[in-house]
Structure formats: structure tokens, C-alpha cells
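Throughout, read-outs are computed from the coordinates displayed, never taken from laboratory work. Since this is a predicted model, take the numbers as computed values, not measurements. So basically every Cβ, Gly included, is an ideal-geometry build from the backbone, and we count neighbours across all protein chains shown.
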Amino acid sequence: MMNNRSKLRVLLALDYYDYRLHKGVSLVAAEKGWSLVCTQNMAGAPAVPNSWNGDGIISLVATESSRNKLAEYSIPRIELGLEPNCFPLHRVIPDNLKIGVLAAEYFFQRGIRSFVIEGGTDGFAMLEQRKKSFIDRLEQFKSDGHKISIHHLPSPADKPKNSFAEIEVVNQVDLANLKKLSRPAAYFGYDDEMAMNFLERIRHFGLKVPEDFLVLGVDNNDLLCEGLDISLSSINTDQVGLGETAARKLTELINSNAIEIETDQFFLYQPKKVITRQSTDIYASSHPVINQALRMVFQQLEDNHQHTDNHPIPNAGKIAAELGLTQQGLQNIFREHFHCSPAIAIRQLRLNQAKHLLIDSTLKLKQIAFETGFNSAESLSRAFKQAFDVTPGQIRREYEQQKK
């Protein structure tokens, strides 16, 4: 029951802290004039102060201690997760089924037909939903007649860790299994940390990202995704918006004093889009000629960035000659299996590289233009605006603002 204080007291209790959730809730708290207390689980203690009392709770529960402590409160509450509770709750969660579908379709549209599935969800229902919907969508592609290869790896948690020797044996088994796959292959991490761990593991094996494996995470934690030397692509679940939505739903509950419900009530918050960074920024095909052609372009772009003496990016004619094909033969293969001409695919790779250099380097636009095969900064700017609907300067400023 709401107390008589004019200023509402709200608790944000997070077993897993995310500054973006906190920010989203804080936006509403400032608007409504709440007194907002944010706590997190520390060393197994519940994410609830012993002396706290108030008018509403927004929680993300992952531990029994927090679950039991929060059960003591008979006030409006919004839960941000799917972990079991003692009684039904109003839940505001990402649409995890949509997230899995989005990941599968993103890889498919980039020409990937070989996939690695890892088991580890550590019992978290949200991660399990993402995994299941991802696999289900891949199976739908197979049912539609597409050649889809799915390889299942045991999760790291399932592997023996009794000694460094045993760990190395497991690593070698993983490496042997991964090298058997048709590449490039794709890996979907059900959150950013899982994707990051896989990315680091396969690089330890000497496999390349994204040339051998495309790696995609979820939640778009910018501090994690952009802190890696190969930046991590991720599905943007808009955690700020999720927190803000939860806070507005809590406002509705407080105003209506709705506490007891018979079953869990769900509000599914829709993911925004995939944020493409270096870990997936390649187009691929199951056709070996197309893969060879794309690798030739990608390798020259990399060489131009690593060395001061830039060389021309190979065009369709040069690629066809290198592969022992006529230019028309190469055109036919691309149009049949990649649904565009070689020239369009090459141009997209050049523009993607330019985009990464704008974001991840301090190079001047003129140098980026030369490295990516454009005659001038002006010609790059025109092509960039046409492809991405923003200018190079706009995208560089946007990412600089995000890093502040």
C-alpha cells in the first residue's frame, strides 16, 4: 500500500548490474520526482538493503537470496528477468524469441550456411529462449530447401577443468571440430559476454574473425563490444529503453495499486537491430568461388591498412583471371549464388572497411579513401552517403559521442 510521503521511494534491485538499465529507470525517476535507490548483489548477499521500505520495486533476480528477500515486500513490482519466483509477477523483458530469429536471419542474409551452436546457457531461461528460437529459425531455412549445416559444441561449463593438461586436450578437440566446418561459419552468443569468450577462444586456436568465423552477441554492451581489438557485433536490445519502459509500467502499477495477479504478466520489449562491427563484417557464400573472390578483396583491404604502399583493390576482371574464369563466368556465379554482381559485392566490402576505419581509427578521410580504393575523399563521401544514408563525418561524430 502506498505510504503518505509525497515523494515515492523506488528500489532498483539488480543481481546483474547494467548501467543502461539504471539510466533508463533514472530518466523516469527524474521525471516523476522519485527517490531512487539502486543496489546490486554483492558476494551472494541479496540486492536489497535490510532497512529499505518504499512504494515500488524494479528487480532483476538471479539468486535465491534476492528472490527470498524481495518476496517479503507486498508492494508493486516489475521483474526484468524470467527466473522463477514465489508468486506471479509483472515482467518487462526483451523479446527473446525475436532476438533468436533476428540473429539467424542476419547471418543467412550475409550468405552464411554453416553454424556453431554452443550449449551453455547456465540454466538462464532468457538465454535458453534465444538459443531455441535461433535453432528453430535455422531449421525452418533447412525445411525451405536451403543447405544449412549445424555443428553442436559442448559448453565450456560442461568441459573438465581438473588440470591445465585436460583443458588443453579439450581445446585441441574443439579446434579439430571447428576446422572440420565449412567456413566461414557463424556463432551466435546468447549475450555479449558469451560471444566475447568464443571470439577469444577461436583466435587462440589461430582462426580468424570474421574471415573464418562471424561472431554475434546480444545486448550491445558498448564498453565490451568496442573495447575488443576486433569489435563485436551485437543485437541492440536497447537496455535504456527497457529500463525506461519498466519504470513507466511500475508507475501504472503504483497508481492503480495493482499487486496481486493470478499468473505472470508479460510485456515483451522489441530488439532494435543488429549493430554490425568487425566480428561479422563480411559477406560470405557456400560457393567456393565466391568465398575466394571475397577473401581476395578482404585481404587487399587488410594489406592496404597494414602497409603504407597501397595497392588497387582487385576488380571483377582481375579476380576472374586469378580464379581461371571468364569475367562473364564470374558474373553468372555471383548472380546465381549471391544475388548481386561481383562489382556490387566488392564495393560493399570497400565501404564497410571505410566505415570501420572511420569508427576505429583517427585516419583522415583522404587516407581512408585511398586505402579502400576511392580516388578522393569526395568520391568516398558520395558513395558512403548513398550506401549508409549518412556522411562519413556524421558517423564518426556519432561514434565519438557514444564513447563519451
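Listing for the model above:
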quantity: Hull-based mean projected area of segment 1-135, where the convex hull spans the alpha carbons, in square nanometres; calculated: 10.1
quantity: Rg/Rh (Cα only; Kirkwood hydrodynamic radius) as it applies to the chain; calculated: 1.04
quantity: GluC sites (Glu not before Pro) restricted to segment 225-283 and DSSP loop, no more than 10 other C-beta within 10 Å; calculated: 260, 262
quantity: Reachable aspartates and glutamates, given that their alpha-carbon falls under 14 Å from the alpha-carbon of residue 366 and they are not under 8 places away in the same chain; calculated: 378
quantity: Helix-only CD estimate at 222 nm, as mean residue ellipticity for the chain, using -39500 (n - 2.57) per DSSP H run (n ≥ 4); calculated: -15000 deg cm²/dmol
quantity: Above-threshold pairs, the threshold being 24 Å between Cα atoms, out of 23/364; 273/318; 131/273; 7/272; 131/272; calculated: 23/364; 273/318; 7/272
quantity: Residue-count net charge about residue 66 - beta-carbon cut-off 13 Å; Lys, Arg +1, Asp, Glu -1; calculated: -2
quantity: Over 23 Å between alpha carbons, listed pairs 142/180; 147/355; 147/179; 98/180; calculated: 147/355; 98/180
quantity: Under 10 Å, Cβ to Cβ, from residue 11 - net charge with Lys/Arg +1 and Asp/Glu -1; calculated: +1
quantity: Positive-pole candidate from 117, 215, 205, dipole of the chain, charges at beta carbon; calculated: 215
quantity: Radius 13 Å from Cβ of residue 259, net charge of other residues (Lys, Arg +1; Asp, Glu -1); calculated: -3
quantity: Calculated Rg and Dmax of segment 272-404 using C-alpha coordinates, Å; calculated: 15.4, 51
